[in-house]
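Each value in this text was obtained by applying a stated rule to the coordinates, not by laboratory testing. Everything numeric here is computed off the predicted structure, so don't read it as measured data. Note: ideal-geometry Cβ built from the backbone for every residue, glycine included; neighbour counts use all protein chains shown.
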């Protein structure tokens, strides 16, 4: 698995967790989904992604998007 796939999988998990928690626990958990969406938008424009930095530090090989 490369860095790009790990970032996309992580973002999907965060979105699903936010939706599930907002349904099961409290509606304000939807803020987690909003944060993930805003982070994906800003990383698309700037190329900076905090999750990519963490996965890179863990030793995942870079892909095409996050180097």
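Table for the structure above
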| quantity | calculated |
| --- | --- |
| Estimated FRET transfer efficiency when R0 is 30 angstrom, pair residue 13-residue 64 (beta carbons, to 0.05) | 0.90 |
| Whole-percent pair-distance distribution, where bins are 10 Å wide, for the alpha carbons of the chain | 23, 45, 25, 7 |
| Normalised contact order of the chain, rounded percent, pairs of Cα under 8 Å and 6 or more residues apart | 46 percent |
| Nearest 10 degrees, 0 to 90: helix 30-46 Cα axis against the chain principal axis | 30 degrees |
| In nm, spacing of pseudo-spin labels at residue 57 and residue 40 (7 Å Cα→C-beta vector) | 2.4 nm |
| Helix 3-24 vs. the chain, principal-axis angle (Cα, 0 to 90°, nearest 10) | 10 degrees |
| Segment residue 5-residue 30, length gained on full extension (0.36 nm per residue, minus Cα span) | 6.6 nm |
